[in-house]
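Peer 1: Next up is a structure, given as structure tokens.
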Amino acid sequence: SLVQFLFAGCAQMNCAVDAFYCAVTQHQPGHKDRLYSDQHSQFTVICVRYGVLLYMIAVTVLCGWGTFYMLSSYEERLEFIEYNGFADDLGQSSQRSLDRTFEVTKLMASITAKACPNASIWPNCSGISVDDYIDYIDSIVAINAQVRSVALNPFIDDSQIESFEAFAYEFYDEQGHGPNSSVPFGINADFGKGISARDSNGVLFHTNVSYTLGENRLLAPILLQGKLENNLGSLMFNVYYETARARGIDEMINCINASAAEDAVNCGSVTDFIRLVQDEFTAVRPAALLYFPIFPSNDPTTLVGASFSVFNWDVVLSGHLASNVDSVHVVLTTGLQSFTYVVSESSVDVVGEGDLHESYLNHFRRSYVLTNPDHSTLRYEMHVYPSSQFEYDTSFPILGCSVTIVVIA
């Protein structure tokens with residue numbers, strides 16, 4: 001109604017303006033010197049019209065910008081809430097996954113301790129058949145998909161290497177996995193039978209002596225390993241040969257030495273980032289091992305080996321993807337090493353070694369401690385950041401701005 005009034009015809013506007021002028025000046029007919037001229041009246045109307053036009057343009061700009069700003073801010077807030085929710089879910093779910101993995105490893109250590117209950121049997125433990133062990137691990141992986149496998153590591157010294165190798169291959173042959181079987185155990189293409197280690201080029205070689213890469217002098221070959229389709233190449237590999245693996249075993253042994261006998265069974269540990277021998281050597285796919293000690297049930301104070309779980313970090317992260325998240329950066333670090341991942345709604349990819357997130361997004365960081373200090377002194381931390389791709393890209397702010405402008409116009 002206001003617009004209709006302001007933009008009415010000239011005659012109506014002139015009458016209104018003349019009446020207002022006469023009332024204000026108390027104009028008396030016949031006083032020609034105080035007559036409100038037609039030219040003055042027309043100029044006033046034009047000024048009013050332009051004034052209203054400028055006012056409406058200003059209102060249109062302000063309302064359009066305000067609508068766009070409000071909708072954009074609302075979208076950013078939704079994005080931030082969604083990001084925080086995903087980061088919390090990823091961090092807390094990964095924590096729970098590692099806790100379950102520790103419990104799984106401890107369970108298998110207990111099963112093995114009962115299968116070979118006397119210390120005198122070790123390291124030649126044959127109490128669990130290959131098929132039974134694989135069934136156990138397959139069931140565990142079905143429950144906790146982030147675990148790649150669980151393995152059995154007897155601890156041996158230099159004097160036991162020859163007898164252990166003879167036992168291992170006889171055991172494999174009896175279980176139907178000898179050299180002539182369709183799936184032979186512990187046969188390495190590089191050198192054949194024997195306990196293996198790996199050089200800096202990823203080439204396996206036969207090791208018939210212990211190495212002092214850790215605080216102790218021992219070998220820890222893998223006798224049994226589950227999920228064979230992905231882990232067959234690890235059998236008879238000495239996990240005490242590489243520094244990161246040795247450090248994890250040393251931590252477990254140090255915990256045992258410092259604990260009372262009844263508490264020693266709880267001495268778990270986790271390694272720093274490692275590269276699995278069964279994975280492609282040139283691929284960057286960080287993994288870790290979780291250890292628990294094995295004490296034979298009839299000799300509960302004698303350490304004879306370890307049970308360990310193995311997992312790849314990308315598998316742990318991929319177990320907690322969210323369909324409504326485009327992309328985030330996840331930095332895993334132990335203080336000694338770091339790796340950066342891109343986690344999207346459909347995949348987890350390794351960006352590379354080190355903290356490679358976009359630094360201008362530091363204020364969005366969400367941090368989580370993944371390892372339980374009751375299980376290991378090594379501290380894995382996860383830092384989550386949004387990536388530049390993690391943002392809404394909708395047309396609602398522009399659409400709302402356009403609608404506002406059209407309505408006012």
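The values are calculated or read from the model by the stated rules, or taken from the named source; none is laboratory data. None of the values given here were measured: they were computed from a predicted structure. Cβ: placed from backbone, ideal geometry, glycine included. Neighbour counts: every protein chain shown. Calculation scope for accessible area: heavy atoms of the full protein, side chains included, ligands and nucleic acids excluded. Shrake-Rupley method; radii C 1.70, N 1.55, O 1.52, S 1.80 Å.
Peer 1: Could you tell me which residue of segment 172-211 is surrounded by the most Cβ atoms within 10 Å (Cβ to Cβ), considering only residues that are part of a strand (DSSP E or B) and either touching a Lys or Arg at 6+ places or on another chain (Cβ under 6 Å) or touching a residue at least 24 places away in the same chain (Cβ under 8 Å) (or both)?
Peer 2: Taking segment 172-211 as the starting set, the residues that turn out to be part of a strand (DSSP E or B) are 188, 192, 196-198, 204-206.
Next, from what is left, pick out any that are either touching a Lys or Arg at 6+ places or on another chain (Cβ under 6 Å) or touching a residue at least 24 places away in the same chain (Cβ under 8 Å) (or both): 188, 196-198, 204.
Details: N188: 18, S196: 25, A197: 22, R198: 18, L204: 19.
If we take residues in segment 172-211 being part of a strand (DSSP E or B) and either touching a Lys or Arg at 6+ places or on another chain (Cβ under 6 Å) or touching a residue at least 24 places away in the same chain (Cβ under 8 Å) (or both), then S196 is surrounded by the most Cβ atoms within 10 Å (Cβ to Cβ).
Peer 1: Answer yes or no: is there a residue in segment 28-46 that is at pLDDT 50 or above, open to solvent by less than 90 Å² (accessible area, probe 1.4 Å) and hydrophobic (A, V, I, L, M, F, W, C).
Peer 2: yes
Peer 1: Take the residues in segment 111-127 that are surrounded by 16 or more Cβ atoms within 10 Å (Cβ to Cβ) and among the polar types (S, T, N, Q); name whichever of them is nearest to the chain's Cα centre (by Cα).
Peer 2: T112
Peer 1: Here's another thing I want to ask about it. Would you pick out the residues in segment 222-252 that are of a type in the set (F, W, Y) and open to solvent by 30 Å² or more (accessible area, probe 1.4 Å)?
Peer 2: In the first step, residues of segment 222-252 are kept if they are of a type in the set (F, W, Y); the result is 237, 240-241.
If the condition is that a residue be of a type in the set (F, W, Y) and open to solvent by 30 Å² or more (accessible area, probe 1.4 Å), then Y241 is the only one that fits.
Peer 1: Does segment 283-298 hold any residues that are over 22 Å from the mean Cα position of the chain (by Cα) and open to solvent by 50 Å² or more (accessible area, probe 1.4 Å), and which are they?
Peer 2: Listed by number, the residues that qualify are S297, N298.
Peer 1: I'd like the full set of residues that are over 24 Å from D199 (Cα atoms) and touching a Leu at 6+ places or on another chain (Cβ under 6 Å), limited to segment 261-306.
Peer 2: Listed by number, the list holds a single entry, P293.
Peer 1: Continuing with this model, one more query. When only residues in segment 382-409 that are part of a loop (DSSP other than H, G, I, E, B) and at pLDDT 75 or above count, which is least open to solvent (accessible area, probe 1.4 Å)? Spell out the reasoning first.
Peer 2: If we filter segment 382-409 for residues that are part of a loop (DSSP other than H, G, I, E, B), which is where we start, we get 387-395, 409.
Next, only the ones that are at pLDDT 75 or above stay: 387, 409.
Details: S387: 5, A409: 109 Å².
Applying the filter and picking the extreme gives S387.
Peer 1: Could you check how many residues of segment 115-145 are under 20 Å from F167 (Cβ atoms), of a type outside the set (F, W, Y) and not in a loop (DSSP other than H, G, I, E, B)?
Peer 2: 8
Peer 1: Take S309 and tell me if it is touching a strand residue (DSSP E or B) at 6+ places or on another chain (Cβ under 6 Å) and either surrounded by fewer than 19 Cβ atoms within 10 Å (Cβ to Cβ) or among the small types (G, A, S) (or both).
Peer 2: Details: touching a strand residue (DSSP E or B) at 6+ places or on another chain (Cβ under 6 Å): yes; either surrounded by fewer than 19 Cβ atoms within 10 Å (Cβ to Cβ) or among the small types (G, A, S) (or both): yes.
For S309, the condition - touching a strand residue (DSSP E or B) at 6+ places or on another chain (Cβ under 6 Å) and either surrounded by fewer than 19 Cβ atoms within 10 Å (Cβ to Cβ) or among the small types (G, A, S) (or both) - is met.
Peer 1: All but one of (1) small (G, A, S); (2) in a helix (DSSP H, G or I); (3) crowded, with 20+ Cβ neighbours inside 10 Å hold for S159, so report the exception by its number.
Peer 2: Just one mismatch for S159, condition (3).
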